[in-house]
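Single-structure report; data block below.
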Amino acid sequence: MALDIGVDIGGTNIKLGLVDAQGRVVARGRLKTEARKGPRQALERVAAGVARLRKKHVVRSVGVGIAGLVDHEHGIVRLPPNLPGWHGTGVKEILEELTGLDVHVTNDVNAVCLGEWLFGAGRGCDDLFCLTLGTGVGGAAIVNGRLALGANGAAGELGHTVIFGNGLPCRCGGRGCLERYVGAKYIVRRARARVKAEVKRMTSHRDQMPLFKGGIVEKPSVLAMLPARRLDPETIGRAARDGDRLALELVQETGDFLGLGLVNVVALFDPARIIIGGGIAGLGEPLLKAARRTVLRRGQLFDGRKLEIVPAALGNDAGIAGASRLGRLPAPA
Ligand SMILES: [Zn+2]
């Protein structure tokens, strides 16, 4: 049976996978994007990678997920945040010319959303929202069993929805955006500030210790013992799972912010399921618990309302698996 190829084009790496009808990646390839050298050289290497994957299998189509706003009809990417010089690239046209195959292009988060919907945490649910939490915060929606694209292919971009009207300044030029509170580097920045305050507090506490002979010495957070460069979301998540108080506070606070973003998602899309993926989702159950609590408190919930908030299931393969199905989706109505 014919298989399809999914391609995930990121700012640093390009991942390719030969995907079967059950969403399993049966063979894969990996390339450096070398984005600054321009799109042509990268797409030529993608075409070579496609040719390698086709050697032993019949391939029907190629689907590409790429960060940026994507014109789905023409397969053109616009304003890609981490591919300088790629604005306006006709990815579909170039790859079709180089491979001779049918090529479809979508936004990278749309690809992840399709993957989770068809093969992962979203199976069997035709109204869902998929959120990816990493350096950036992305979103995509399945509405009535179809990927919601919007008039410009830009629907679901949740990162720059506002959760605090007069909040912290964001890289987009706005203020109080969700990404500014739950994006990876901002979590780390907040962690650093907290650790600094904690160290200061404990140091002054220790100075007073002779006055409290026999008093209980508070155990410092493991985060305070790390060199600043080791303070990343992964470490914070691990410390939280081990019960570290400061790490738990940070994760819960991030979950509260995330919950505010989800209250907006619930109001806009009324999904039956919200799927949380990406690196920050590795903060795990304490993050989801805090997010659920905020949605419960702030969302318009009622007995029997269909809504669950669950972790993504496919990990790094979601984008490849989802992109591979683009050529097999029903045409937009
Ligand atoms: Zn913003």
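The values are calculated or read from the model by the stated rules, or taken from the named source; none is laboratory data. All values derive from a computational prediction rather than experimental measurement. No Cβ is skipped: glycine too gets one built from the backbone with ideal geometry, and neighbour counts run over all protein chains shown. Calculation scope for accessible area: heavy atoms of the full protein, side chains included, ligands and nucleic acids excluded. Shrake-Rupley method; radii C 1.70, N 1.55, O 1.52, S 1.80 Å.
Inclusion of Gly145 among residues that are farther than 19 Å from Pro81 by Cβ, out of contact with any strand residue (DSSP E or B) (no Cβ under 8 Å at 6 or more places or on another chain) and more than 16 Å from the ligand (Cβ to nearest atom) is warranted. Contact map, segment 84-97: residues that are within 9 Å of His74 (Cα to Cα) paired with residues that are outside any strand (DSSP E or B) and open to solvent by less than 60 Å² (accessible area, probe 1.4 Å), Cβ distance under 6 Å, separation 6+ or inter-chain. Pairs shown: Val91/Gly75; Lys92/Gly75. Can you name the residue in segment 178-195 that is farther than 14 Å from Gly255 by Cβ and near the ligand (Cβ under 9 Å from one of its atoms) and is also surrounded by the most Cβ atoms within 10 Å (Cβ to Cβ) among such residues? Residue satisfying both the conditions and the ranking: Glu179.
Reported count of residues in segment 156-177, each being closer than 16 Å to Val263 by Cβ, open to solvent by 70 Å² or more (accessible area, probe 1.4 Å) and in a strand (DSSP E or B), is 1. Restricting attention to segment 303-322, which residues are outside any loop (DSSP other than H, G, I, E, B), more than 14 Å from Asp108 (Cα to Cα) and touching a residue at least 40 places away in the same chain (Cβ under 8 Å)? Of everything in segment 303-322, those that are outside any loop (DSSP other than H, G, I, E, B), more than 14 Å from Asp108 (Cα to Cα) and touching a residue at least 40 places away in the same chain (Cβ under 8 Å) turn out to be Ile309, Val310, Pro311.
Condition (residue is acidic (Asp, Glu) and under 27 Å from Gly183 (Cα atoms)) applied to segment 304-313: is it met by at least one residue? Scanning segment 304-313, I find at least one residue that is acidic (Asp, Glu) and under 27 Å from Gly183 (Cα atoms), so the answer is yes. Among the candidates Val295, Val251, Val310, the residue that is open to solvent by 10 Å² or more (accessible area, probe 1.4 Å) and of a type in the set (Val, Ile, Thr) is uniquely Val310.
Kindly establish whether Ala281 is surrounded by fewer than 21 Cβ atoms within 10 Å (Cβ to Cβ), closer than 22 Å to Asp108 by Cα and at pLDDT below 90. Reasoning before the result, please.
Values: surrounded by fewer than 21 Cβ atoms within 10 Å (Cβ to Cβ): no; closer than 22 Å to Asp108 by Cα: yes; at pLDDT below 90: yes.
No: the conditions fail for Ala281.
Residues in segment 130-140: is at least one modelled with pLDDT of 95 or more and more than 16 Å from the ligand (Cβ to nearest atom)? Yes - at least one qualifying residue is present in segment 130-140. The condition of being open to solvent by 40 Å² or more (accessible area, probe 1.4 Å), at pLDDT 80 or above and more than 29 Å from Arg293 (Cβ to Cβ) holds for only one of Arg245, Arg230, Arg238, that being Arg230. When we screen Ala42, Ala2, Ala47 for residues that are aliphatic (A, V, I, L, M), modelled with pLDDT under 95 and open to solvent by less than 40 Å² (accessible area, probe 1.4 Å), the only hit is Ala2.
Scan segment 243-300 for residues that are of a type outside the set (Phe, Trp, Tyr), within 19 Å of Gly176 (Cβ to Cβ) and either in a strand (DSSP E or B) or touching a residue at least 60 places away in the same chain (Cβ under 8 Å) (or both) and the total you get is 9.
Screening Thr12 on (1) among the hydroxyl-bearing types (Ser, Thr, Tyr); (2) open to solvent by less than 10 Å² (accessible area, probe 1.4 Å); (3) out of contact with any strand residue (DSSP E or B) (no Cβ under 6 Å at 6 or more places or on another chain) shows it passes everything except condition (2). Can Val143 be described as of a type in the set (Val, Ile, Thr), surrounded by fewer than 24 Cβ atoms within 10 Å (Cβ to Cβ) and at pLDDT 95 or above? Against the criterion (of a type in the set (Val, Ile, Thr), surrounded by fewer than 24 Cβ atoms within 10 Å (Cβ to Cβ) and at pLDDT 95 or above), Val143 qualifies. Cβ-Cβ contacts under 7 Å between residues 6 or more apart (or on different chains), taken from a first residue in segment 181-205 that is in contact (Cβ under 8 Å) with a residue 60 or more places away in the chain to a second residue that is part of a helix (DSSP H, G or I) and open to solvent by 60 Å² or more (accessible area, probe 1.4 Å), are listed as Ala184/Gly279.
Restricting attention to segment 217-235, which residues are under 18 Å from the mean Cα position of the chain (by Cα) and either among the basic types (Lys, Arg) or assigned to a helix (DSSP H, G or I) (or both)? Pro233, Glu234 - these are the residues of segment 217-235 that are under 18 Å from the mean Cα position of the chain (by Cα) and either among the basic types (Lys, Arg) or assigned to a helix (DSSP H, G or I) (or both). Output the residue which, of all residues in segment 71-121 that are out of contact with any strand residue (DSSP E or B) (no Cβ under 9 Å at 6 or more places or on another chain) and closer than 18 Å to Asn152 by Cα, is surrounded by the fewest Cβ atoms within 10 Å (Cβ to Cβ). Among those residues, the one meeting the criterion is Glu73.
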